[in-house]
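Report on the following structure.
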Amino acid sequence: MIYPAKHYMVRKEKVKKSIQKIKEDLDRRLKELNRQNKLVEAQRLKERVNYDIEMLKATF
């Protein structure tokens, strides 16, 4: 069995605030990509970031 070298403890409130900030940044970037007509890039970014957000939420 292999154990992680470090464990990080983060308060739930901090994760929630971080998720909110990530969503705001994502929204801003998606608008930028859509204005540039980079629809595929926008879709990929949205999918990846939303997956990462779900993984963060799953930790609590």
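For region 27-40, check the following and say yes or no: at least one residue is modelled with pLDDT under 95 and under 15 Å from the mean Cα position of the chain (by Cα).
The answer is no, given that none of the residues of region 27-40 is modelled with pLDDT under 95 and under 15 Å from the mean Cα position of the chain (by Cα).
Please name all residue pairs, on different chains or six or more residues apart, with Cβ atoms under 7 Å, provided the first residue is in region 31-60 and is in contact (Cβ under 8 Å) with a residue 40 or more places away in the chain and in a helix (DSSP H, G or I) and the second residue is loosely packed, with under 10 Cβ neighbours inside 10 Å and not small (G, A, S).
Cβ pairs passing all conditions: none.
Would you tally the residues in region 46-60 being under 18 Å from L33 (Cβ atoms) and either of a type in the set (S, T, N, Q) or at pLDDT below 95 (or both)?
Total meeting the criteria: 1.
The values are calculated or read from the model by the stated rules, or taken from the named source; none is laboratory data. Fair warning: this is a prediction, and the values are worked out from it, not measured in the lab. FYI the Cβ positions are ideal-geometry reconstructions off the backbone, even for glycines, and counts take in every protein chain you see.
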